[in-house]
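J.: My questions will all concern the structure given below.
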Amino acid sequence: MAFPRLAGITRPVWTLSVVSFLADLSGEMVYPIIPLFITGTLGAPAVAVGVVEGVAEGVANVTKLISGGWSDALARRKPFVVAGYALGAVGKAVLAVAPAWGLAVVGRSIDRFGKGVRTAPRDALLVDFSEDRYRGRVFGLHRSMDTLGAVCGPLLGLVLLQLLDERLRLIILIAVVPGILSVLVLRWLPEHKPDPKPASQATVRAELPVAFYLLLGTTVVFMLGNSSDAFLILRSKDLGLSTTLVVLAYVAYNVVYAAMSLPAGIVSDRVPRGALLLAGYLIFGGVYLGFAAVDSDTAVWPLFAVYGAYIALTDGVSKALVADLAPKSARSSALGIYQGSAGLAALVASVTAGLLWDQVSVRAPFFLGAGASGLAALGLVVLLATGTLRRRPAGERNL
């Protein structure tokens, strides 16, 4: 495969980025129609949607917590990546043939289990195949390609809904194809073995510095207010947007995210990454305050666009920062602990947001998110002021 030349971006990094594009294209074709499939095609009650997605995301987040440790203990990365993407395709196939919503839980859980298995080892591979000075750029490119799939997936899904007369099972089956392609592309990915280490998780955790745990604590505080994007979509509907316009607003968010991820990664290689995280948290708080306060559907478009800037400044940048803080032998474990903990906190945030939406008001979840982001931003200010998030000394070159 021939890839464009970009300083600091190696062939394996391009390969993983293309794989993520294809996998996200597959996933985002399916994600917006899952509620319609469960309640319409399968005839399940609305509560089944929450059960299916709650169980699936719980499986993904718990798996993330341990998959990085497995990878470090076995000193292998690629088998986890291949298995994870393959399970994603299998899960969608199971979902497509599900006769009842109980099997839909199984299909979504297999899909999300695959995501949990692959995420930390894949991110560790991105670090293994890059130089320290280009780490932010590498994660920025990967996030950009991944999010490009999130732009194309919903658009392709909307086209297929029209062409196939809303035959949802067939659309889900078609979505399996790019998932399979993502696995086939991995044939071009070499196995880059990290240094062997004892298979003791206690040892791994002992190797992680205090700065990592302080960053983790700040992130968990932030994520406790960061509920599912489904609530942004629900709020957009509540403000008067049609279903099609809501999907297009969500696409606009992903366009900004994809466009800004690589520049944000490049900048993070030159300035403290924590400063970009701080900016992202503040933007998030402003967006959530906006969704809480506005009464017009026209405000949804700029809010979603600015929301794309928040995620571009935080997603890949936070992974690069974790890689900066963690020693090489525990890097996959650190990424898994970080992402799994953040995901579980977000799951709690989503449950809380649902209760607030039903029992208090539709604005309450967004006030909670703004408040949590403000507390987390204060924590980052302290960590930055004390130099806690200073990068590990350069010198490792993992090529």
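The values are calculated or read from the model by the stated rules, or taken from the named source; none is laboratory data. Nothing here was measured: the structure is a model prediction, and the numbers come from that model. Don't worry about glycine lacking a Cβ; one is built from the backbone with ideal geometry, like all the others, and counts go over all protein chains shown.
J.: Among (1) small (Gly, Ala, Ser); (2) out of contact with any Gly (no Cβ under 7 Å at 6 or more places or on another chain); (3) farther than 21 Å from residue 362 by Cα; (4) in contact (Cβ under 8 Å) with a residue 40 or more places away in the chain, there is one condition residue 293 misses while meeting the rest; what is its number?
T.: For residue 293, the failing item is (3).
J.: Further question: Give the number of residues within the stretch 54-85 that are without any contact (Cβ under 8 Å) to a residue 60 or more places away in the chain, crowded, with 17+ Cβ neighbours inside 10 Å and within 17 Å of residue 103 (Cα to Cα).
T.: Going through the stretch 54-85 one residue at a time, the tally reaches 2.
J.: Taking only the stretch 184-212 into account, find how many residues are modelled with pLDDT of 90 or more and closer than 26 Å to residue 376 by Cβ.
T.: Applying the first criterion (modelled with pLDDT of 90 or more) to the stretch 184-212 yields 184-189, 209-212.
Now narrow it down to the ones that are closer than 26 Å to residue 376 by Cβ: 209-212.
Count: 4.
J.: Okay, next question. Would you confirm whether or not the stretch 319-337 contains a residue that is within 18 Å of residue 221 (Cα to Cα), hydroxyl-bearing (Ser, Thr, Tyr) and in a helix (DSSP H, G or I)?
T.: no
J.: Where residues in the stretch 298-320 are of a type in the set (Ser, Thr, Tyr) and crowded, with 20+ Cβ neighbours inside 10 Å, which of them is farthest from residue 342 (Cα to Cα)?
T.: Within the stretch 298-320, the match that is farthest from residue 342 (Cα to Cα) is 307.
J.: In the stretch 218-235, which residue that is modelled with pLDDT under 95 and either of a type outside the set (A, V, I, L, M, F, W, C) or out of contact with any helix residue (DSSP H, G or I) (no Cβ under 7 Å at 6 or more places or on another chain) (or both) is nearest to residue 335 (Cα to Cα)?
T.: Here the answer is 226.
J.: Look at residue 331 and say whether it is crowded, with 18+ Cβ neighbours inside 10 Å, of a type in the set (D, E, K, R) and either closer than 23 Å to residue 114 by Cβ or within 16 Å of the chain's Cα centre (by Cα) (or both).
T.: Yes, satisfied.
J.: I'd like to verify a number: residues in the stretch 98-118 that are within 21 Å of residue 48 (Cβ to Cβ), small (Gly, Ala, Ser) and part of a helix (DSSP H, G or I), how many?
T.: The total comes to 4.
J.: While we're looking at this one, here's another question. Given the structure, is residue 20 touching an Asp or Glu at 6+ places or on another chain (Cβ under 6 Å) and either within 26 Å of residue 254 (Cα to Cα) or of a type in the set (A, V, I, L, M, F, W, C) (or both)?
T.: Against the criterion (touching an Asp or Glu at 6+ places or on another chain (Cβ under 6 Å) and either within 26 Å of residue 254 (Cα to Cα) or of a type in the set (A, V, I, L, M, F, W, C) (or both)), residue 20 qualifies.
J.: Looking at residue 378 and the list (1) assigned to a helix (DSSP H, G or I); (2) in contact (Cβ under 8 Å) with a residue 24 or more places away in the chain; (3) out of contact with any Gly (no Cβ under 9 Å at 6 or more places or on another chain), which single condition is not satisfied?
T.: Tallying (1) assigned to a helix (DSSP H, G or I); (2) in contact (Cβ under 8 Å) with a residue 24 or more places away in the chain; (3) out of contact with any Gly (no Cβ under 9 Å at 6 or more places or on another chain), residue 378 fails exactly one: (2).
J.: If you don't mind, there's one more thing I want to ask. In this structure, is residue 362 surrounded by fewer than 19 Cβ atoms within 10 Å (Cβ to Cβ), touching an Asp or Glu at 6+ places or on another chain (Cβ under 9 Å), under 19 Å from residue 224 (Cα atoms) and of a type outside the set (Gly, Ala, Ser)?
T.: So residue 362 passes the test.
J.: What number of residues within the stretch 128-159 satisfy the criterion of being of a type in the set (Ser, Thr, Tyr) and under 14 Å from the mean Cα position of the chain (by Cα)? Show your work before the answer.
T.: Residues of the stretch 128-159 that are of a type in the set (Ser, Thr, Tyr), as a first pass: 130, 134, 144, 147.
When the remaining residues are screened for being under 14 Å from the mean Cα position of the chain (by Cα), the result is 144, 147.
Residues in the stretch 128-159 being of a type in the set (Ser, Thr, Tyr) and under 14 Å from the mean Cα position of the chain (by Cα): 2 in total.
J.: Let me ask another. So in the stretch 208-249, with the set limited to residues that are touching a Lys or Arg at 6+ places or on another chain (Cβ under 9 Å) and assigned to a helix (DSSP H, G or I), which one is farthest from residue 363 (Cα to Cα)?
T.: Of everything passing the filter in the stretch 208-249, 211 is farthest from residue 363 (Cα to Cα).
J.: Give the residue, chosen from 239, 262, 215, 276, that is farther than 20 Å from residue 147 by Cα, at pLDDT 90 or above, crowded, with 20+ Cβ neighbours inside 10 Å and touching a helix residue (DSSP H, G or I) at 6+ places or on another chain (Cβ under 9 Å).
T.: On inspection, the qualifying residue turns out to be 215.
J.: Return the pair list, or none, for Cβ contacts closer than 9 Å from residues in the stretch 94-123 that are in contact (Cβ under 8 Å) with a residue 12 or more places away in the chain and surrounded by fewer than 22 Cβ atoms within 10 Å (Cβ to Cβ) to residues that are of a type in the set (Asp, Glu) and part of a helix (DSSP H, G or I), at least 6 apart or on different chains.
T.: The qualifying pairs are 94/111.
To keep it simple, each residue is scored yes or no on (1) among the charged types (D, E, K, R); (2) assigned to a helix (DSSP H, G or I); (3) under 27 Å from residue 63 (Cα atoms).
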residue: 120; (1), (2), (3): no, yes, yes
residue: 123; (1), (2), (3): yes, yes, yes
residue: 133; (1), (2), (3): yes, yes, no
residue: 138; (1), (2), (3): no, yes, yes
residue: 142; (1), (2), (3): no, yes, yes
residue: 146; (1), (2), (3): yes, yes, yes
residue: 157; (1), (2), (3): no, yes, no
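J.: Taking the condition touching a residue at least 24 places away in the same chain (Cβ under 8 Å) and either in contact with a Cys (Cβ under 6 Å, 6 or more places away or on another chain) or under 15 Å from residue 276 (Cα atoms) (or both), does residue 338 pass? Spell out the reasoning first.
T.: Details: touching a residue at least 24 places away in the same chain (Cβ under 8 Å): yes; either in contact with a Cys (Cβ under 6 Å, 6 or more places away or on another chain) or under 15 Å from residue 276 (Cα atoms) (or both): no.
No.
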